[in-house]
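Worksheet: the structure to be examined is printed underneath.
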Amino acid sequence: MQPHVREEPKIAAAAEKQMRTWSRIDEISDRMLAIDGAEPAAKAVGPYVALSREAGAGGGLIAELIGQKLGWTVLGRSLLDRVSERYRIARPMLDLVDETKSNWALDVLGTWLDSHVVSHEKYVAHLRRVVLSAARTGRVVFVGRGAQFFLPRGEGLSIRIVAPEAYRAHNLAARRGIDETTARRMIRDVDEGRRAFIERYFHHDVADPHLYDVVINVEHRGPQQTAEAIIRLCADWLD
């Protein structure tokens, strides 16, 4: 029993240290500079579209349609693949912290017990570096993950895709082969995780329309027309 007693102060100290580092994402990212090299210059960031989306609204599909039409790179969940490759983190581990509520047990005890576990704060710091690196090439469509908050506002378009819950639940149920009651529950869980993620690490309400250049209700337009409308916006902006 004595070894267990001796370990408790270490756990408490680790928890206290972890909570102190949760204050600001900029502070987290600054600590990465010594390891990962110089910060990409803001002026080097090329044109981009950052899509924020409600769960089930079809943001990923709309992004793919935009990317195909414009010939732009689309980075949604593939951002996790880039983080995994660049920082040698197991891909399933990133799924646990991607746009989810912060988990105290995972972030504190998990990283203390297993060096292969990645905390939410480290994930966001790594994500910031990968988003900035990708944006330097320009002509990128980012899907979610707070990408717009890492990037200079004037260099791209920030767009929010929304739709009524009934529309989103119907789409998700059809896509996943599940009933709409289950789909509604999944939508609410995903939306809550995304809301908590943005609030904790970027100090914003993801649903605040003032954060975006355009908010589009996809219910009546559908994914194709919504993508075409965004493409026209990009053309006007790039001209």
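The values are calculated or read from the model by the stated rules, or taken from the named source; none is laboratory data. The model shown is predicted, which means the values in this text are computed figures rather than measured ones. We place every Cβ from the backbone using ideal geometry, glycine too, and count neighbours over all the protein chains shown.
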Residue count, region 118-149 (criterion: outside any helix (DSSP H, G or I), modelled with pLDDT under 90 and closer than 22 Å to GLU192 by Cα): 2
ASP189, sole failed condition from (1) touching a helix residue (DSSP H, G or I) at 6+ places or on another chain (Cβ under 9 Å); (2) closer than 18 Å to THR100 by Cβ: (1)
Criterion violated by ALA38 - all others in (1) modelled with pLDDT under 90; (2) out of contact with any helix residue (DSSP H, G or I) (no Cβ under 6 Å at 6 or more places or on another chain); (3) in a helix (DSSP H, G or I) satisfied: (3)
Subset of region 180-206 (residues that are part of a helix (DSSP H, G or I) and of a type in the set (A, V, I, L, M, F, W, C)): ALA183, MET186, ILE187, VAL190, ALA196, PHE197, ILE198, PHE202
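Looking only at region 207-239, which residues are farther than 18 Å from GLN68 by Cβ and in a helix (DSSP H, G or I)?
Within region 207-239, the subset farther than 18 Å from GLN68 by Cβ is 207-217, 219-220, 236-237, 239.
Correct list: PRO209, HIS210, LEU211, GLU219, HIS220, ASP236, TRP237.
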Qualifying residue in region 101-117 (condition: closer than 15 Å to LEU80 by Cβ, among the aliphatic types (A, V, I, L, M), assigned to a loop (DSSP other than H, G, I, E, B) and modelled with pLDDT of 55 or more): no
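Scan region 64-104 for residues that are at positive phi and in contact with a Gly (Cβ under 6 Å, 6 or more places away or on another chain) and report the count. If you could, list the steps in order and put the result at the bottom.
Restricting attention to region 64-104, the residues satisfying the condition of being at positive phi are 71, 88, 99.
Going one step further and asking which of them are in contact with a Gly (Cβ under 6 Å, 6 or more places away or on another chain), we end up with 99.
Result for region 64-104: 1.
In region 132-170, which residue that is basic (Lys, Arg) and surrounded by fewer than 18 Cβ atoms within 10 Å (Cβ to Cβ) is farthest from PRO223 (Cα to Cα)?
ARG136
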Region 192-213 residues that are acidic (Asp, Glu), paired with ones that are exposed (fewer than 15 other Cβ atoms within 10 Å of the Cβ) and modelled with pLDDT of 95 or more (beta carbon under 9 Å, 6 or more apart): GLU199/ASP205
